[in-house]
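Presented below is the structure to which this report refers.
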Amino acid sequence: MIIIPARLASNRFPGKILANINGFPMVIATANRVKDIDEVIIATDCNEVIKIARDYGFKAVMTSDKHKSGTDRINEVANKLNLNDDEIIVNVQADEPFIEPYIIQKVINRLKSTKEKKEDIFMVSCYKIISDKEANDPNHVKVITDFNENAIYFSRSKIPYDREKYNNFYGHLGIYGFTKKTLEIFCNLPSSPLEDIEKLEQLRAVYYGKKIAMIKVESKSFGIDTKEDLQRALYTLM
């Protein structure tokens with residue numbers, strides 16, 4: 001199951017999930033990108049988004065407006081739907097209207113293989129090679145991984161520090177794969193200091209020693225955080 005958390009409020013780009021993407025509200029453009037992979041549900045705290053989702057033929061579920069993160073929002077939906085503990089749930093951000101469907105499928109496949117091999121993996125996400133310019137942009141989240149391609153740390157800062165002109169930086173894609181059980185565990189963990197400092201919820205898992213398996217992908221997609229991001233995306237990706 002794919003759940004898209006769709007909060008209308010945004011500090012940097014108010015109402016961005018309804019911004020026009022080739023004639024569709026952004027959240028609908030995102031849903032359209034992934035609808036052929038699995039069932040899609042839009043999780044929102046806004047009646048306007050509920051109506052829009054249904055107008056375009058997508059199921060939408062109303063959630064609390066008190067959630068601190070999109071992951072908490074999708075957990076509420078998973079509980080409302082009474083999903084089984086082993087149900088695979090992929091969190092696709094509403095501001096990823098250009099995400100390539102094959103990436104979502106790779107996340108699902110990795111979660112399935114984790115279950116089959118009984119690996120000690122808590123959740124799955126993705127990364128790609130980014131430019132030095134992107135690495136310097138705090139809106140582009142960076143990640144470093146270990147030998148097994150598990151995440152070591154995520155940051156808005158440029159990591160690792162390029163003391164000797166290191167130029168192989170990895171950008172994090174805001175896609176998260178859980179089982180229903182690990183999703184609930186994640187959301188019941190106390191908020192962590194690292195998460196609060198960087199404003200990156202995935203650092204909660206890192207802080208509490210949970211393994212995040214990272215998949216290296218090729219992607220032209222990126223999250224739309226500002227109006228400038230949207231204009232750049234429309235110019236470069238259309």
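The values are calculated or read from the model by the stated rules, or taken from the named source; none is laboratory data. Predicted, not measured: the structure shown is a model, and the values here were computed from it. Here the Cβ positions follow ideal geometry from the backbone for every residue, glycine too, while neighbour counts run over all protein chains shown.
Of the residues that make up the range 79-96, is at least one within 18 Å of residue 212 (Cβ to Cβ), of a type in the set (A, V, I, L, M) and more than 14 Å from the chain's Cα centre (by Cα)? Scanning the range 79-96 turns up at least one residue that is within 18 Å of residue 212 (Cβ to Cβ), of a type in the set (A, V, I, L, M) and more than 14 Å from the chain's Cα centre (by Cα).
Between 72, 65, 85, 95, the distinction of being touching a Lys or Arg at 6+ places or on another chain (Cβ under 7 Å) and modelled with pLDDT under 95 belongs to 95 only.
Are there any strands (runs of 3 or more DSSP E) wholly within the range 52-141 with 2 or more residues that are surrounded by 14 or more Cβ atoms within 10 Å (Cβ to Cβ) and in contact with a Leu (Cβ under 6 Å, 6 or more places away or on another chain), and if so which?
Values: elements: 59-62, 88-92, 123-130.
Of the strands (runs of 3 or more DSSP E) lying wholly inside the range 52-141, those with at least 2 residues that are surrounded by 14 or more Cβ atoms within 10 Å (Cβ to Cβ) and in contact with a Leu (Cβ under 6 Å, 6 or more places away or on another chain) span 88-92, 123-130.
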